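Read through the structure below, which is laid out as structure tokens, and then see the notes.
Only the coordinates and a few stated rules stand behind these numbers; no lab work does. Everything numeric here is computed off the predicted structure, so don't read it as measured data. Note that we place each Cβ from the backbone using ideal geometry, even for glycine, and neighbour counts take in every protein chain shown.
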């Protein structure tokens with residue numbers, strides 16, 4: 001825990017060193033106004049008729065205040081003293097307000113920097129790492145955990161402020177009554193000993209809270225994404241039971257933490273009262289401290305005890321939130337370790353002859369059966385290439401390798417004669433358009449969904465892309481045309497319309513290579529024919545890879561590669577393949593009752 005706290009402090013200083021210095025300066029100023037305010041009480045009591053100057057220490061304070069007034073040409077009287085106290089309270093009020101704003105500013109700065117930094121490393125991780133991770137874990141870290149770390153920074157600053165304020169009070173008390181102050185301080189330290197176990201329990205609860213809220217986020221996201229299926233299967237009650245169980249565990253952790261916090265507060269309040277009573281008894285009966293001095297000490301300790309109690313509350317909150325920082329840094333380290341290679345300088349040349357895979361092997365996890373086993377595949381520029389095969393044959397994996405999302409475990413990918421190394425993947429992906437079976441649309445307008453792929457595109461370019469995707473007619477029929485909002489994940493348009501918008505977005509990029517992975521499955525025959533007809537018109541200007549289970553989709557292909565078991569087992573033109581008596585493509589067509 002100490003190491004994690006040290007790492008957090010280092011991070012906090014790196015992020016907000018200047019703001020922290022400002023907040024500390026305000027805290028010191030606030031402490032000084034508090035201290036001066038306490039000192040002003042002594043001459044006030046003296047002017048009110050209480051002879052507190054009999055005490056040597058208090059007499060020196062009163063004389064110091066009188067000299068300070070004389071320095072500025074004032075006389076120490078009750079009116080001037082009261083005006084001074086009002087001014088001090090005003091300054092303290094303003095300083096306290098600025099201090100809270102400064103602490104809130106530090107908290108928001110920490111959240112902003114951490115959230116941006118974490119998003120960057122998540123987005124920069126390689127695709128295989130992202131596939132192996134739960135997206136809800138990333139969402140949880142970027143929201144709840146970052147907010148907890150932001151709260152941690154606020155609580156650290158609050159703890160620091162209370163410690164500085166308490167130190168000022170204790171120094172004043174030590175100056176006025178050293179022995180009584182030592183007794184009270186010693187009792188306060190003894191008071192902390194029984195709380196150590198509770199603090200450890202609070203830290204464990206903080207760790208459990210991170211784990212349980214992460215599970216809650218995962219369940220909530222999965223259930224909401226699968227709400228349509230849950231309704232169709234009448235599984236709402238089952239989902240509700242699962243969600244309720246996890247919610248109850250999160251609630252239990254919060255209650256356990258609150259129980260430990262309340263015990264600590266009660267113990268601190270009771271213990272500090274006992275210590276104060278013992279200190280007063282010792283001061284009056286054993287040390288024979290004058291009543292006026294006891295009154296001042298009571299005033300001081302009535303100020304310092306709440307500060308110490310508040311400081312311990314801040315400390316417990318720090319312990320509770322620290323596991324969020326630990327979890328966040330661990331996730332950041334894992335993402336950074338899985339980062340894609342630094343892009344090489346300069347763009348990858350646009351292919352002029354082919355994109356080829358040679359002897360490519362790939363497995364999604366160690367020990368798992370390889371998805372690709374020595375795959376050899378050539379995609380000729382300007383032609384329409386189709387990858388066909390049964391489910392799980394390796395078609396989509398091959399497409400991900402071609403796109404540069406996945407890096408082969410063995411073998412090489414070449415663009416003409418240039419090897420597609422890890423450092424060149426990002427440059428290559430800028431030349432690739434992709435439409436998959438799961439369309440991805442923002443809860444935004446059609447226009448902004450298109451511009452996401454190419455921010456500098458003008459309306460004629462968007463219109464051209466829509467025409468190529470056979471989407472112009474239904475977009476123009478929308479209430480606001482291009483400015484129609486499509487809803488969450490495109491829920492306000494049909495699935496076929498979503499796929500056509502996704503296709504238009506890919507076409508808007510004007511890619512050198514367009515990959516359609518089951519991209520026309522949700523289209524009816526008429527619109528599929530329109531899309532494929534539009535793509536055929538680009539033959540020679542656009543390189544297209546078609547991946548399809550529906551074999552009627554690949555009739556427009558120039559060449560077909562049949563993939564089985566992660567290898568290409570057959571290659572040829574559609575008509576030529578169907579004429580072979582032992583053709584695997586012909587067998588697939590017959591199995592699907594399709595005439596090639």
From the helices alone, meaning DSSP H stretches of at least four residues, give me the mean residue ellipticity at 222 nm for the chain, per-run term -39500 (n - 2.57), in deg cm²/dmol to the nearest 500.
-21500 deg cm²/dmol
Quick note on 128, 64, ordering by fewest other C-beta atoms within 10 Å, gives 64, 128
I'd like the projected area of region 1-106, averaged over all directions, using the convex hull of its alpha carbons. Report it in nm² with one decimal.
9.5
Relative contact order for the chain, counting Cα pairs under 8 Å that sit 6 or more residues apart, in percent:
14
Does anyone have the angle between helix 178-192 and the longest principal axis of the chain? Alpha-carbon axes, 0 to 90°, nearest 10?
30
Which one is right for this structure if Rg/Rh (Cα atoms, Kirkwood Rh) is calculated from it: [x] 1.41; [y] 1.19; [z] 0.94?
[y]
Listing 518, 350 by rising number of other beta-carbon atoms within 10 angstrom, fewest first, gives 350, 518
Cα gyration tensor of region 2-337 - equivalent ellipsoid semi-axes, whole Å, descending:
51, 23, 16
Compute the helix-to-body angle for 236-281: its Cα long axis versus the longest principal axis of the chain, expressed 0 to 90° and rounded to tens.
20
Quick one: Cα centre-to-centre distance for region 184-212 and region 240-300, in angstrom?
13
Fraction of beta bridges assigned by DSSP in the chain that are antiparallel (%, nearest 5):
55
Ranked highest first by the average count of other Cβ atoms within 10 Å around their residues, in what order do 502-515, 192-205 fall?
502-515, 192-205
Helix 78-124 sits at what angle to the longest principal axis of the chain, using alpha carbons and giving 0 to 90 degrees rounded to 10?
20
Give me 244, 96 sorted ascending by neighbouring Cβ count inside 10 Å, so fewest comes first.
244, 96
